[in-house]
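The values are calculated or read from the model by the stated rules, or taken from the named source; none is laboratory data. None of the values given here were measured: they were computed from a predicted structure. Cβ atoms come from the backbone with ideal geometry, glycine included; neighbour counts cover every protein chain shown. Accessible surface areas use protein heavy atoms only, side chains included; no ligands, DNA or RNA. Shrake-Rupley method; radii C 1.70, N 1.55, O 1.52, S 1.80 Å.
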Amino acid sequence: MKPDFMARAVVLASLTTASGAGWALEIDPNVLPEISFGGVAIPTVDARSQRLWPGGTSSEKQINVSDSALLLGFSKYLFAQNNYGYAAFGLRLPDDDTDFKDDMFVHQFHAGVGGKNYDVKLGRTRLPNTLIIFPTVRDEDLLDFTYVQNGQSNARTELYHIFGNVAQATYWLTPYLSVAAAAVGWTETDPADLVTNPRKSTAELNGAALTLAYDQPEAIKFDRGLRYAGVSVNYQNLDALGTSPGDRKTAVIGALTYNFSNDPQRTLVLDLQGIWDGGAQVNALTDPYQRARAKSRAVAAALRYGHRPALQTRWQAALTAAWKEYDEFGGASAFAIAPSLAYRLGSGVDLVAQYLYRDNDSALAAATGVNRDQRILLGLKFSFDFTLNESVGERGSILNLERNMTNYGPVSPGH
């Protein structure tokens, strides 16, 4: 018997008999993860004017910092070659005039594993209830038209329509074609106490989604052609809320992004998305949960031009239009238009401007109390992304967790 083997055997025997207890010998190397810091600040000056129903006007001016966020991410390679694990944590500022008691909202708290052909994510993140990015400054600017609404919430906050608990698996059938399945925990609110304790539950799995998508990134094909196409089926299991009984609803989302330009320095892109929501039983459109549960159809389209000398975006001008109709209520439709501009002052520093006009038809105006809504905003967007110990090459920027109005294509671009 070799001396080195004898020495190892003596050490192992001493460990397993120390203090009369058996110890397991575990060697776990301390592997430093790749650490990513990211953040977005979006301070804007907003001027708003409303024509109320049945008469009168309202106007206000404010500094708006909502959708500003801080992000922290970690990544490590797994034992299997080129597979990786990751985790992310994020805080976001909610809008001041919503039913939300806290100054910060944890909108990202998830972990996952992934590889060349798959990605599995578990925790709080974006809900799979929209497909593509529209060129508006904030998520909520056209929320009613571009997202399947949360029928479990009666709170006036966009956060419960955008973020929730998700267990999602994505598999790439080809480098361009993917299928994703998700179990979803939509936030449920307590209708009797929306401000001091708005959340009734965030843990229950009460929905599901299935998505099939074709995505061809610009890095692979820069000329004219289809960039993205997807279809998603979204399901919600609804508890009784207010005057509406327990029910269920299914929505179907279809979207595409098409580039008309053969010049990568001058992009001309069309974004198009439609949502058919089968709805659930409601008897009015007065409360947010009723509008979220009502049967509806919505279409949004955007045409954007990007000026990109040396393949660096200097400015983007866009025009977005959207329409929605609640099928079971006569005169309950809405139309919106939103021209926007993003002018890059430097890397990660943009001057942003937007005008948003929305017109509610008579029945919807009577239900919401607003006939016409106009908003002008002007501000800055500052974003940063910094990585320590960069070692996991397959992981993209942590800023992919936040929307960027100059990006086009899928909301969740995968890895």
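Numbers at a glance
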read-out: Local net charge near LEU226, Cβ-Cβ under 13 Å (Lys/Arg +1, Asp/Glu -1); value: -1
read-out: Sum of side-chain charges, ALA213 neighbourhood, beta-carbon under 14 Å (Lys, Arg +1; Asp, Glu -1); value: -1
read-out: Listed values (1) 1.07; (2) 1.12; (3) 0.93, entry calculated as Cα Rg over 2.2 N^0.38 Å; value: (2)
read-out: For region 249-324, alpha-carbon Rg and Dmax in angstrom; value: 17.6, 56
read-out: Excluding exposed DSSP-loop GluC sites (Glu not before Pro) (at most 16 other C-beta within 10 Å), longest clean stretch of the chain; value: 27-203
read-out: Contour minus Cα-Cα distance for LEU380 and LEU70 (0.36 nm per residue); value: 110.0 nm
read-out: Relative contact order computed over the chain (Cα-Cα under 8 Å; 6+ residues apart), in percent; value: 17 percent
read-out: Nearest 10 degrees, 0 to 90: helix 3-17 Cα axis against the chain principal axis; value: 60 degrees
read-out: Student exercise, region 32-399 dipole from Lys, Arg, Asp, Glu Cβ charges, in Debye to nearest 20; value: 740 debye
read-out: Solvent-accessible heavy-atom area per residue, rounded to whole Å², over the chain at 1.4 Å; value: 48 Å²
read-out: Heavy-atom accessible surface of the chain: percent carbon and sulfur, 1.4 Å; value: 60 percent
read-out: Rounded Å value of the spacing that divides the Cα centres of region 208-263 and region 96-116; value: 21 Å
read-out: Among ALA219, GLN152, GLY207 - extreme Cα towards positive end, dipole of region 32-399, charges at beta-carbon; value: ALA219
